[in-house]
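The values are calculated or read from the model by the stated rules, or taken from the named source; none is laboratory data. Fair warning: this is a prediction, and the values are worked out from it, not measured in the lab. Glycine also receives a Cβ, built like all others from the backbone with ideal geometry; neighbour counts cover every protein chain displayed.
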Amino acid sequence: MDRSPHPVRYRITPVDPHAHLFEVACTVDDPDPQGQRFTLPTWVPGSYLIREFARHFVSVRANGREGAVAIDKLAKDTWLAAPCTGPLTVVAQIYAYDVSVRTAYLDQHRGYFNGPSVFLSPEGRRSAPCELVIDPPPDALRAQWRVATTLPSDGARAYGFGRYRADNYDALIDHPVEMSSFALVHFDANGVPHDIAVTGRHDADLDRLAADLARVCRCHIELFEGPGSRPPFDRYLFQITALGEGYGGLEHASSTSLICRRDELPPRGASTIGDEYLNLLGLASHEYFHGWNVKRIKPAAFTPYDLTRESYTRLLWAFEGITSYYDDLALVRSGVIEPERYLELLGRSITTVLRNPGRHRQSVAASSFDAWIKFYRPDENTPNAVVSYYVKGSLVALALDLLLRREGKASLDDVMRALWQRYGRHGTGVPEDGIERMAAELAGRDLHDFFARYVHGTDDPPLDEWLADFGIDYHVRAAQNATDRGGKAASGTPPRAALDAKVGADMKLLAVYSGGAAERAGLAAGDQLVALDALRAGVETLRVMLERRGPGDAVPIHAFRRDELNEHIVELASPALDTCYLTLQAHPADEILARRTRWMSP
């Protein structure tokens, strides 16, 4: 229970960009007379791993009305200030040099922070209003930098340094802040202003990006709210950091932080959408859909968030997987891409799952529950033991949508709208069986078998059969080469045999698949291949060998394990039919064409 109506006052200062140091002050006017505790979150909503943000704290000190106050660290994320007369101010210096969407970054080119990684929470004040002063950087940078955030202003000018406010601590940490000389472009979606702030060197067509994102955002808004209606926020911000290499996104209630490669931004003068730009559009679409699904419609386990420890749920397949399903579907529904291009993306997702033996061992519900210890901590055995609740979750969502639409009473769109009306609008958490019950209610029948087999079990949904009812043919083939991601066939001569292992460019085995040829011969992840059939191992040598040899051929392979050289006789396997592509039927029946049109249309 909160002890005081007084606001908690914060101040963040980029004190030394060259040393990557923020200084963050937290002031409590009337501290606990028994000693005021302060805690720091250990994880951030939307990224389900204990991150230990406190490891970046360099120093912590405290001051009261009468001078310095003793402050002791009680645990990895907890400090206790001695009893004192208020106001009490705790000041932390924080090392900020993590190029991610989860923590904080500061150098002479930009500053960024995500609230859970920098703001201490005074115990007993979580519901108290918060004030935040964002100080400008040292004078040399002051004139160039602006601020991009959706925190409500409390005196700060638009895009300016100064005073901001939040209703409570949870709101404070849900508005990341970008400060730099970013490029800015605006668009309107259903009467609500949207900004795109792009940081990093680039030569992109930001007007094209704004126009395409406007169409995608309207599609998502109208799915949940209805035609012409407004979203549940007064403004929205896309914070984009463009790098040479990088990828990531994190959702917030009225903004998202994205990292992309600069070649994923739309080039000037291009009339088509390349795979790189499509990747960025899909990422932005994904995080925007999260503005409803997980930020407002959320598992009961997250209401409220307990950021001091893991919060377990078996529903991440829905909150991430359903979002992953709609991110690309919105691109075709909004007219940004054509149906054939959408099927290309869908074929790649199916291929990713088919190539993952772990889907036979872990359900998407179990993957959701174990995200804290498995999904975000991949190792060499991950492909054999873990399934992605993002990718397979998106295929389960597709299967559920197709099933509902085939039976004609409802669709996944209806399920999402109903979840929004029943739970999201009221801030009520979705129970663990809430999605199954909602889908069954709308379908008018028991869906236990579907959820038992495809959500809590490890069966593959019969997408080939169900897609056919929408005028889409499902094909599988062997991969053409190491870069074949699925979708349309790649060029090149297909291999006749397979090693059943993932081989890096340096000929180190990155993964060895369960029950496959390499594993049967005693090879293991981490082994360094040095010779294939008495020839020096290399990418080209391996390609030629798999093209010319056939299943059952025995091939001597020499490999180092640590510093010991071993010989393995590998009996090559048949290439797996694990590469999917989808095609539109040329002349489907009128009923099937109408069903497909309703699915891919707004």
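The test for being surrounded by fewer than 21 Cβ atoms within 10 Å (Cβ to Cβ), among the charged types (D, E, K, R) and under 30 Å from GLY246 (Cβ atoms) holds for ASP16. Here are some residues: THR303, THR272. Which one is surrounded by fewer than 18 Cβ atoms within 10 Å (Cβ to Cβ) and at pLDDT 95 or above? Going through THR303, THR272 in turn, the sole match is THR303. Which members of the stretch 147-161 meet the condition of being without any contact (Cβ under 8 Å) to a residue 40 or more places away in the chain and either touching a helix residue (DSSP H, G or I) at 6+ places or on another chain (Cβ under 9 Å) or part of a loop (DSSP other than H, G, I, E, B) (or both)? Result: LEU151, PRO152, ASP154, GLY155, ALA156, ARG157, ALA158, TYR159, GLY160, PHE161.
Every listed requirement among (1) closer than 30 Å to ARG561 by Cα; (2) of a type in the set (D, E, K, R); (3) crowded, with 17+ Cβ neighbours inside 10 Å; (4) at pLDDT 95 or above is met by ASP484 save one, (4).
For every residue, the table says whether it meets (1) under 14 Å from SER121 (Cα atoms); (2) of a type in the set (S, T, N, Q); (3) crowded, with 19+ Cβ neighbours inside 10 Å; (4) under 33 Å from the mean Cα position of the chain (by Cα).
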| residue | (1), (2), (3), (4) |
| --- | --- |
| TYR10 | yes, no, yes, yes |
| VAL28 | yes, no, yes, no |
| PRO31 | yes, no, yes, no |
| GLN34 | no, yes, no, no |
| PRO41 | yes, no, yes, yes |
| PRO45 | no, no, yes, yes |
| ALA62 | no, no, yes, no |
| ALA68 | no, no, no, no |
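Looking only at the stretch 501-519, residues that are surrounded by 15 or more Cβ atoms within 10 Å (Cβ to Cβ) and either in contact with a Cys (Cβ under 7 Å, 6 or more places away or on another chain) or not hydroxyl-bearing (Ser, Thr, Tyr) (or both) come to 12 in all. When ARG406 is tested against (1) more than 26 Å from ARG51 (Cα to Cα); (2) of a type in the set (Lys, Arg); (3) within 23 Å of the chain's Cα centre (by Cα), exactly one condition is not met: (3). Somewhere in the stretch 295-312, is a residue part of a helix (DSSP H, G or I), within 24 Å of LEU463 (Cα to Cα), in contact with a Gly (Cβ under 9 Å, 6 or more places away or on another chain) and in contact (Cβ under 8 Å) with a residue 24 or more places away in the chain? No, the stretch 295-312 contains no residue that is part of a helix (DSSP H, G or I), within 24 Å of LEU463 (Cα to Cα), in contact with a Gly (Cβ under 9 Å, 6 or more places away or on another chain) and in contact (Cβ under 8 Å) with a residue 24 or more places away in the chain. Of the conditions (1) surrounded by 20 or more Cβ atoms within 10 Å (Cβ to Cβ); (2) more than 21 Å from the chain's Cα centre (by Cα); (3) in a helix (DSSP H, G or I), GLU222 clears all except one; give me its number. Condition not satisfied by GLU222: (1).
Restricting PRO575, PRO494, PRO551 to residues that are at pLDDT 95 or above and surrounded by fewer than 18 Cβ atoms within 10 Å (Cβ to Cβ) narrows the list to PRO551.
If you check TYR305 against the conditions, is it under 30 Å from ARG215 (Cα atoms) and touching an Asp or Glu at 6+ places or on another chain (Cβ under 9 Å)?
No: the conditions fail for TYR305.
Being at pLDDT 95 or above and in a loop (DSSP other than H, G, I, E, B) is a property that ILE322 lacks.
Taking each residue of the stretch 556-573 that is over 19 Å from ARG496 (Cβ atoms) and looking for partners that are charged (D, E, K, R) and surrounded by fewer than 18 Cβ atoms within 10 Å (Cβ to Cβ) with beta-carbon atoms closer than 8 Å, six or more apart or interchain, yields HIS558/GLU567. Taking the conditions exactly as written (in a helix (DSSP H, G or I) and either at positive phi or surrounded by fewer than 20 Cβ atoms within 10 Å (Cβ to Cβ) (or both)), does ARG230 satisfy them or not? It is false that ARG230 is in a helix (DSSP H, G or I) and either at positive phi or surrounded by fewer than 20 Cβ atoms within 10 Å (Cβ to Cβ) (or both). In the stretch 227-237 there is no residue that is more than 26 Å from SER601 (Cα to Cα) and in contact with a helix residue (DSSP H, G or I) (Cβ under 7 Å, 6 or more places away or on another chain).
Checking each residue in the stretch 190-199 for being over 26 Å from ASP263 (Cα atoms) and assigned to a strand (DSSP E or B) picks out VAL192, PRO193.
Report yes if ARG55 is surrounded by fewer than 17 Cβ atoms within 10 Å (Cβ to Cβ), among the charged types (D, E, K, R), within 26 Å of the chain's Cα centre (by Cα) and not assigned by TED's automatic domain parsing to the domain that holds SER311, otherwise no.
On the way: surrounded by fewer than 17 Cβ atoms within 10 Å (Cβ to Cβ): yes; among the charged types (D, E, K, R): yes; within 26 Å of the chain's Cα centre (by Cα): yes; not assigned by TED's automatic domain parsing to the domain that holds SER311: yes.
It is true that ARG55 is surrounded by fewer than 17 Cβ atoms within 10 Å (Cβ to Cβ), among the charged types (D, E, K, R), within 26 Å of the chain's Cα centre (by Cα) and not assigned by TED's automatic domain parsing to the domain that holds SER311.
If you go through the stretch 461-482 and keep only what is in a loop (DSSP other than H, G, I, E, B) and farther than 18 Å from ILE322 by Cβ, you end up with PRO462, ASP469, PHE470, GLY471, ALA478, ALA479, GLN480, ASN481, ALA482.
Every listed requirement among (1) under 20 Å from the mean Cα position of the chain (by Cα); (2) surrounded by fewer than 22 Cβ atoms within 10 Å (Cβ to Cβ); (3) in the same structural domain as LEU400 (by TED's automatic domain parsing) is met by GLU340 save one, (1). Taken together, ALA365, ALA418, ALA330 contain a single residue that is closer than 17 Å to ASP459 by Cβ and either crowded, with 20+ Cβ neighbours inside 10 Å or touching a Leu at 6+ places or on another chain (Cβ under 8 Å) (or both), which is ALA365. The set of residues from the stretch 21-55 being of a type outside the set (Ser, Thr, Tyr) and in contact with an Asp or Glu (Cβ under 6 Å, 6 or more places away or on another chain) comprises ARG37, LEU40, GLY46, ALA54.
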